[in-house]
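Reviewing the structure listed below.
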Ligand SMILES: NC(=O)c1ccc[n+]([C@@H]2O[C@H](COP(=O)([O-])OP(=O)(O)OC[C@H]3O[C@@H](n4cnc5c(N)ncnc54)[C@H](OP(=O)(O)O)[C@@H]3O)[C@@H](O)[C@H]2O)c1
């Protein structure tokens, strides 16, 4: 039978259904600047049950929201951070307490990577935890290796890998030097690529999901959006998109999907750093709904791409920007 639904609207419906589940499970108490999404608070959410997700840079901002969205679908999640152990533990604890209510008195395992492969903090762990926090520097290959090993040690498998952690510096051509360039390509391209290389050896297949994060600045059509000081950031994110495209052809043969979510401006520390309120307001004015995204605007799309329903979405760059760039 021929479907009468346009591909784009079919995609929107699927994302919407994941969003409904996410929002019904993850009540964040905000006053609702976003559209409210109907859904029963008691609805059974199982799309990712039994799966394990690793999200780099997930102690706060977009990564934390993605971790919550994946956990709300039933996945066990690894919360990765570099510095802020308190935030990471809060995210993990929140997931464990709200989504694993059968466990009484949960405790959290904190692990620490100092580059020498040793754990220097370890709290006793209970059997039924859904989230753990792991300190590891995702801008390095050794940090990614440690993160993967901890994931496998605790959860014994990996289904979903989200390469979220990233570096965004602001320098023009005349201001950059080799170390600034290298820092962006090491963090945004090299370390994620080698984490994928190692993870792909052990990830569950078919059905593995690899999701990179990029920026709408790689295709921005708004003159004021692409500033000269975005040089290394945008160059490295452009490389990320091309890495993902090629990997979709390679790992796709083993039943993985590899996609990129390209975000418009999202209200996070990374975005706010060095951005004046005037600039933020002028960017918001160019978004059809006149606001900057919040992390929870992004996470349901990542959760959809991670779900079995997205098995036919492979090698794509999905713009999630509220119509800022079309
Ligand atoms: N925000 C935007 O407007 C925007 C737009 C387009 C694309 N993006 C992309 O979206 C992704 C997330 O951005 P965001 O704005 O949510 O970032 P963010 O606010 O800077 O959040 C950074 C997260 O990454 C962690 N982190 C930082 N360095 C790390 C490292 N070396 N190793 C492990 N974890 C590290 C931080 O943990 P600790 O603080 O605990 O160390 C924190 O949890 C990035 O790839 C970014 O390029 C963002």
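With neighbours defined as other Cβ atoms within 10 Å of a residue's Cβ, the residues 282, 65, 85 order from fewest to most as 282, 85, 65. Go ahead and collect, in residue order, the members of the range 271-302 whose backbone nitrogen is under 16 Å from a label point 7 Å along the Cα-Cβ direction of residue 222. 271-272, 275-294, by backbone N distance to the label point. Reported to the nearest whole Å, the Cα centre-to-centre distance from the range 142-168 to the range 291-305 is 21.
Within a 10 angstrom radius of the beta carbon, how do 81, 324 rank from fewest other beta carbons to most?
The most exposed by this proxy come first: 324, 81.
For the range 262-326, the square roots of the Cα gyration tensor eigenvalues, ordered a ≥ b ≥ c, give a/c of at least 1.5 with a/b greater than b/c, which places it in the prolate category. Label positions at residue 286 and residue 250, each projected 7 Å from the Cα along the C-beta direction, are separated by 3.4 nm.
Readers should treat all values here as calculations from the given coordinates under stated rules, not as data from a laboratory. Note that this is a predicted model, so its numbers are computed, not measured. When we count neighbours, we look across all protein chains shown, and the Cβ atoms used for this are built from the backbone with ideal geometry, even at glycine.
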